[in-house]
1. Would you tally the residues in region 150-174 being of a type in the set (A, V, I, L, M), surrounded by 15 or more Cβ atoms within 10 Å (Cβ to Cβ) and under 10 Å from Ala133 (Cβ atoms)?
2. Among the residues of region 92-117, what is the count of those that are of a type in the set (D, E, K, R), out of contact with any Lys or Arg (no Cβ under 9 Å at 6 or more places or on another chain) and surrounded by 13 or more Cβ atoms within 10 Å (Cβ to Cβ)?
3. Looking only at region 175-187, filter to residues that are surrounded by 14 or more Cβ atoms within 10 Å (Cβ to Cβ) and either of a type in the set (A, V, I, L, M, F, W, C) or free of Cβ contacts under 8 Å to residues at least 60 places away in the same chain (or both); which one of those is farthest from Gln147 (Cα to Cα)?
4. Mind counting the residues in region 161-187 that are in a loop (DSSP other than H, G, I, E, B) and at pLDDT 95 or above?
5. Among the residues of region 105-160, write down those that are modelled with pLDDT under 95 and acidic (Asp, Glu).
6. Being at pLDDT 95 or above and closer than 15 Å to Arg118 by Cα, is that true of even one residue in region 85-93?
7. Output yes when any residue across region 131-143 is part of a loop (DSSP other than H, G, I, E, B) and not β-branched (Val, Ile, Thr), and no when none is.
8. Which ones in region 129-187 are of a type in the set (Asp, Glu), under 23 Å from Glu91 (Cα atoms) and within 13 Å of the chain's Cα centre (by Cα)?
Amino acid sequence: METSLRYGGDSTALRVNTNKKPPTVRYVGDTSALKIHAKQKFRIDSNTRLQLHGELDTRIGAPTFFSAILRYFPPELSAKLGAGLQYDRREKLHYTMHGKKSFPLTPDGVVNFVVKARCDLDKEFKQPTPSGAAELVWNILDFQKDQDVTVKVGYEISDKIPYVKVMENNWTFSVNTNGKWNVKYNL
């Protein structure tokens, strides 16, 4: 099981006091919460997995997200496809479909252009909510001994929001131009 801790917020959560010498930076945690994620993948066959994923918000002490998605990896397409059910506390239960395709930009596959698409549907199949992103991904193998780093620069197409994500073996830091950010640690 893949388990991670995430802590995130927006730019208003960081307070900088320049009146003190030296200037201090303080994080105000009242606008953010620690979230515990758990993800388990069950192999169905060589190209198909059932993925269960859940999130617990420690601020409210309740689950805020759960999904069960059947993921398919067609080797002839070098892509990922998925469909399943998802629950979150705002939109309740809905259906989800997503796909991801990577296009290598270098012969060794270190730099890729990635296209992601997703569509969520309500229980009655009446309100589709499409979204998508385009990413430039740079994989740096052995950045340091036993440490790989991935840098993603992307653009959320439906929300028109650029973002950056830096990942290493266990840590992930994400930030977008709206000031939203989060830090994730895989246990």
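1. Result for region 150-174: 1.
2. Total satisfying the criteria: 0.
3. Asn176
4. Of the residues in region 161-187, 0 are in a loop (DSSP other than H, G, I, E, B) and at pLDDT 95 or above.
5. Asp108, Asp120, Asp122, Glu124, Asp142, Asp146, Asp148, Asp159
6. Looking through region 85-93, at least one residue is at pLDDT 95 or above and closer than 15 Å to Arg118 by Cα.
7. Checking region 131-143: not a single residue is part of a loop (DSSP other than H, G, I, E, B) and not β-branched (Val, Ile, Thr).
8. Answer for region 129-187, where residues must be of a type in the set (Asp, Glu), under 23 Å from Glu91 (Cα atoms) and within 13 Å of the chain's Cα centre (by Cα): just Glu156.
The values are calculated or read from the model by the stated rules, or taken from the named source; none is laboratory data. Given the structure is predicted, the values throughout are model-derived calculations rather than measurements. Glycine also receives a Cβ, built like all others from the backbone with ideal geometry; neighbour counts cover every protein chain displayed.
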